[in-house]
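Laboratory data are not the source of any read-out in this text; all were calculated from the coordinates shown. Keep in mind that what you see is a predicted model, and the values were worked out from it rather than measured. Reconstructed Cβ throughout: ideal geometry from the backbone, glycine too, with neighbour counts over all protein chains shown.
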């Protein structure tokens, strides 16, 4: 397997792609650590030190500072890829509702480009909203739970307030734009899907410090136990991601000129989880919206609506949150499968090249057959996604602890990591195969 | 069968259709003979058969049938072998470990840099 990694680096174009992706990741992390103008970094540092109660030292204090730190120090890329994801969900949902968008989608390449353009505009709009919410939060001291109001993150300067705030909003919005661009660059010229690679990176950035926290609070054996549990979950996720329903397809032999073509029997692989990790990402970022709304509505005397939302939709351990999360995942799995896999198109293509499913007529019956199987096989896939993603929340309820609110090895994070890992490795693999190297996956 | 028929024929497509019709007929007869046909086509025909009775079946009946069909499809799923599973898991773990190392290394360096530039003087 190691030799495969080496041969991946020996292939010139693949090496270029991998290094390009790593370069983008390096830029992304740089932006995530760089504080925005107007932020008193020294105060952030003192604040974190004041909050720190344990005796963690050296490397991990530093990492701790920067893990959730992108937000704490209001860094340039503090919003990350989140607004882009939210925007693309909104547009994909709207595609179903608004006829004009649907028309654009059917137009093919040009229409798709237009939709992407709309997504970008919407992303910037969302970024403005979100960054102003964060800045308001930071200025009121609530970002640190009012624990260090003596060290304001955004201190008063000789400049008027609106200049500072405006500057921050502009910087963070521009940062979001850059992150969006970086993601698209990875998709175009790097390895893997840009959006998922960047999410993967930000999860990977959080892991060491959170792992350290577990080691700190649970001791060595607790830590080993958590790692073992994570390995089990990873294996389970891989197991289901690899499961396929193979629909046999027979290609008729045909003469083209003087040569015979086709006559082979092959299959359409329908994965049990055809949608991948996208539904989880969508659902979790959609459930993030109530939290965002709360940040906006925050005041000294919260109203009924505020309390209602906070109690039922912003607390990950409440039953309504878990239920909503699960249902959203179910919905998005079906939704995403329906927009990525079009049975009619597949059936038409098969017919065009003289292929048929044994026992099913080509054309509409085949399309019906495909969608029949797809709708049946997606249910277990969707349930599996929902269960894995919700599992840690159930775990919290059982433990009744608030301390693991941001449990890093939770289902969502593991799903995203394994999903992105598999997807990326497979892409590298297929490029290796083109060069007839032996791949990772023998 | 298809091959021998078609050899030396000018119009292949016509024959393709013939073959296909044959296949359908075969399947249909096989279906009548035994309910436990292994062919992939059974599902649709079953549904087609039961469509007229669908209105009589209540909502619970339909849900029950849906779940039975789901389980039926799950039986046809090809699960990864033990060997495959271990390889893929190992690859994913190695990949995640490498990325983790790279990202935390970068973060550490950047943290040092940012502290040096913007941090409080010690």
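One table, with the values for the structure above:
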quantity: Which of A:168, A:14 has the fewest Cβ neighbours within 10 Å, and the rest in rising order; calculated: A:14, A:168
quantity: Peptide B:66-79 - average C-beta neighbours from other chains (10 Å radius); calculated: 5
quantity: Net length gained if the chain between residue A:264 and residue A:231 were fully extended (0.36 nm per residue, minus Cα distance); calculated: 7.9 nm
quantity: Residue exposure sequence - A:132, A:196, A:430 - by fewest surrounding Cβ within 10 Å; calculated: A:430, A:132, A:196
quantity: Efficiency of FRET between residue B:76 and residue A:307 - r from beta-carbon atoms, R0 41 angstrom, step 0.05; calculated: 0.25
quantity: Burial ordering of A:284, A:338, fewest other beta-carbon atoms within 10 Å first; calculated: A:338, A:284
quantity: Cut-off 20 Å (backbone N to label point 7 Å along Cα→Cβ of residue A:19), residues of segment A:186-230; calculated: A:186-192
quantity: Ellipsoid semi-axes in whole angstrom, largest first, where each is sqrt(5λ) of the Cα gyration tensor of segment A:212-417; calculated: 45, 22, 12
quantity: 16 Å tail of the calculated P(r), segment A:171-220, as % of Cα pairs; calculated: 55
quantity: Segment A:212-417: relative contact order as a whole-number percent, Cα under 8 Å and 6+ apart; calculated: 23
